[in-house]
Amino acid sequence: DQQVKQNSPSLSVQEGRISILNCDYTNSMFDYFLWYKKYPAEGPTFLISISSIKDKNEDGRFTVFLNKSAKHLSLHIVPSQPGDSAVYFCAASGQGGSEKLVFGKGTKLTVNP
Amino acid sequence: EAGVAQSPRYKIIEKRQSVAFWCNPISGHATLYWYQQILGQGPKLLIQFQNNGVVDDSQLPKDRFSAERLKGVDSTLKIQPAKLEDSAVYLCASSLWTVNTGELFFGEGSRLTVL
């Protein structure tokens, strides 16, 4: 039973345009969400997080939106750069983040120059 | 600041053989995690340590997998005997406390191929 779903295995965008990566979750107890970025042959690195008490969190070019009623979150990257090409994992946790992280399968983003 | 160190980076073994992976977390990080990432999947938590103690090992196949954390610092993950389906990248991560204090810091991973 996949509790965190990233239904798009891949996404390709042009440099300078917006990248939108989507994530859905089924467990209503999740209240803390994170995005990780992973380059080949490296471990995932933390990108941005959001608590369920907020519906938006912004950090430079990266913004995460949370729609609790739809159990949906999205990561927006504006403007996209070739260096953003990586696999992006959505992850969720319960009890304010004190429970174990559950990861989605990831979305491979390719930003074309 | 040194990151999470893991070794070996790559390991190829035959099924039924044993293998061990080592992890050295970031200095001062109390919490250490071992994740298994099978190709095409997201990382799955195998075991979480808080200092020396096990917090969560509910998804660790205890008939073949074992892990320990020595003196609350380094950790080893062992598989014995290995099965074909154990082929994966084993990621070690550490954090100051639990995930909501910031984020997990991952090592580069140890890629295991079981033939």
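The values are calculated or read from the model by the stated rules, or taken from the named source; none is laboratory data. Predicted model, so just to flag it, every value in this text is computed and none were measured. With ideal geometry, Cβ positions are generated from the backbone for all residues, glycine too; neighbour counts draw on all protein chains shown. Accessible surface areas use protein heavy atoms only, side chains included; no ligands, DNA or RNA. Shrake-Rupley method; radii C 1.70, N 1.55, O 1.52, S 1.80 Å.
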Residue count, segment A:85-113, condition over 19 Å from B:GLN36 (Cβ atoms), touching a residue at least 12 places away in the same chain (Cβ under 8 Å) and either surrounded by 21 or more Cβ atoms within 10 Å (Cβ to Cβ) or among the polar types (S, T, N, Q) (or both), comes to 10
Filtering segment B:77-87 down to residues that are closer than 14 Å to B:ILE12 by Cβ and open to solvent by 10 Å² or more (accessible area, probe 1.4 Å) yields B:LEU84, B:SER87
For segment A:35-81, the count of residues that are closer than 14 Å to A:ASP24 by Cβ and either charged (D, E, K, R) or in contact (Cβ under 8 Å) with a residue 60 or more places away in the chain (or both) equals 2
Counting only residues in segment B:34-54 that are surrounded by fewer than 17 Cβ atoms within 10 Å (Cβ to Cβ) and either β-branched (Val, Ile, Thr) or farther than 25 Å from A:GLY106 by Cβ (or both), the one farthest from the other protein chains (Cβ to nearest Cβ) is identified as B:ASN52
B:ARG111 vs (1) loosely packed, with under 14 Cβ neighbours inside 10 Å; (2) among the charged types (D, E, K, R); (3) within 11 Å of chain A (Cβ to nearest Cβ): all pass except (1)
Only unsatisfied item for A:HIS72, checking (1) buried (at least 18 other Cβ atoms within 10 Å of the Cβ); (2) modelled with pLDDT of 95 or more, is (1)
Here the residues within segment B:13-53 that are in a strand (DSSP E or B) and among the basic types (Lys, Arg) are B:LYS44
Has segment B:58-78 got any residue that is within 11 Å of another protein chain (Cβ to nearest Cβ) and modelled with pLDDT of 90 or more? yes
The correct count of residues that are open to solvent by 60 Å² or more (accessible area, probe 1.4 Å), in a loop (DSSP other than H, G, I, E, B) and more than 18 Å from A:LYS100 (Cα to Cα) in segment B:55-76 is 3
- Message: When you scan segment A:54-65, do you find a residue that is open to solvent by less than 40 Å² (accessible area, probe 1.4 Å), of a type outside the set (Asp, Glu) and in contact with a Lys or Arg (Cβ under 6 Å, 6 or more places away or on another chain), even just one?
- Response: no
Segment A:58-113: strands (runs of 3 or more DSSP E) wholly inside it with 1 or more residues that are within 14 Å of chain B (Cβ to nearest Cβ) are A:62-67, A:86-94, A:107-112
(1) open to solvent by less than 50 Å² (accessible area, probe 1.4 Å); (2) under 24 Å from A:GLN6 (Cβ atoms) all hold for B:CYS23 apart from (2)
Checked segment B:12-25 for anything among the aliphatic types (A, V, I, L, M) and closer than 27 Å to A:LYS105 by Cβ; matches are B:ILE12, B:ILE13, B:VAL19
**Request:** Consider A:VAL13 carefully, then state whether it is more than 26 Å from B:GLY109 (Cα to Cα) and away from every other protein chain (no Cβ under 11 Å).
**Result:** yes
If you go through B:LEU96, B:LEU91, the only one that is within 20 Å of A:PRO44 (Cα to Cα) and open to solvent by 10 Å² or more (accessible area, probe 1.4 Å) is B:LEU96
